[in-house]
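First up is the structure itself, then whatever we jot down about it.
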Amino acid sequence: MVEPDTQTATVSTNVRIGRVVTALVALYLLFDSSIRLLKMTAAVEGAQRLGYPESLIVGIGIMELVCVVLYLIPRTAVLGAILLTGHLGGAAAAIARLENPWFLFPIGLGVMVWGGLFLRDSRLRALIPLRA
């Protein structure tokens with residue numbers, strides 16, 4: 001049996017870990033959306049390699065930025081995670097279509113999105129208990 005003080009410390013540690021994971025994912029996605037919004041060479045070349053026209057780059061960057069902001073606001077974090085899952089799933093599909101093994105990267109980011117949210121949100125932990 002876990003004592004209450006130990007249980008509180010564990011939850012507190014999990015929340016801190018969840019915030020760190022969330023921050024890492026958010027920083028990467030904010031960087032990714034900013035290079036799209038600025039139409040930097042890497043974003044343009046990447047979109048062209050995946051078969052997307054240059055005219056869509058800024059729109060994708062705006063959509064990604066909105067999803068990240070929703071993910072970072074506690075009241076809308078679940079909606080943000082759902083939207084980011086769709087965005088990252090589309091990225092994985094586009095990369096896999098080219099038979100590029102990097103399609104695993106957006107899948108890993110998606111796992112980190114939900115893992116970070118799970119650790120920092122007690123409502124989600126109550127909804128999906130990992131232990132009996």
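The values are calculated or read from the model by the stated rules, or taken from the named source; none is laboratory data. Everything numeric in this text was worked out from a predicted model, so none of it was measured. Cβ sites come from the backbone with ideal geometry, for glycine too, and all protein chains shown count toward neighbours.
Residues that are over 30 Å from ARG131 (Cα atoms), of a type in the set (Asp, Glu) and surrounded by fewer than 17 Cβ atoms within 10 Å (Cβ to Cβ) are absent from the stretch 21-38. Please tell me if SER55 is within 20 Å of ASP121 (Cα to Cα), surrounded by fewer than 12 Cβ atoms within 10 Å (Cβ to Cβ) and not aliphatic (A, V, I, L, M). So SER55 fails the test.
Among the residues of the stretch 27-38, is there at least one that is over 19 Å from the mean Cα position of the chain (by Cα), at pLDDT 95 or above and assigned to a helix (DSSP H, G or I)? No - not one qualifying residue is present in the stretch 27-38. Does VAL44 qualify as being of a type outside the set (Lys, Arg) and either more than 25 Å from ARG120 (Cβ to Cβ) or without any contact (Cβ under 8 Å) to a residue 12 or more places away in the chain (or both)? Yes: the conditions hold for VAL44.
Filtered by the rule that a residue be more than 14 Å from ALA77 (Cβ to Cβ) and either in contact with a helix residue (DSSP H, G or I) (Cβ under 8 Å, 6 or more places away or on another chain) or among the polar types (S, T, N, Q) (or both), the stretch 22-36 gives LEU24, TYR28, LEU30, ASP32, SER33, SER34, ILE35, ARG36.
Here the condition is being surrounded by fewer than 18 Cβ atoms within 10 Å (Cβ to Cβ) and not in a helix (DSSP H, G or I); of ARG49, ARG131, ARG123, it holds for ARG131 alone. Taking the criterion of being in a helix (DSSP H, G or I) and either polar (S, T, N, Q) or out of contact with any Gly (no Cβ under 6 Å at 6 or more places or on another chain) (or both), the residues of the stretch 62-76 that qualify are ILE62, MET63, GLU64, LEU65, VAL66, VAL68, VAL69, LEU72, PRO74, ARG75, THR76.
Being in contact with a Gly (Cβ under 9 Å, 6 or more places away or on another chain) and part of a loop (DSSP other than H, G, I, E, B) is a condition met by no residue of the stretch 77-97.
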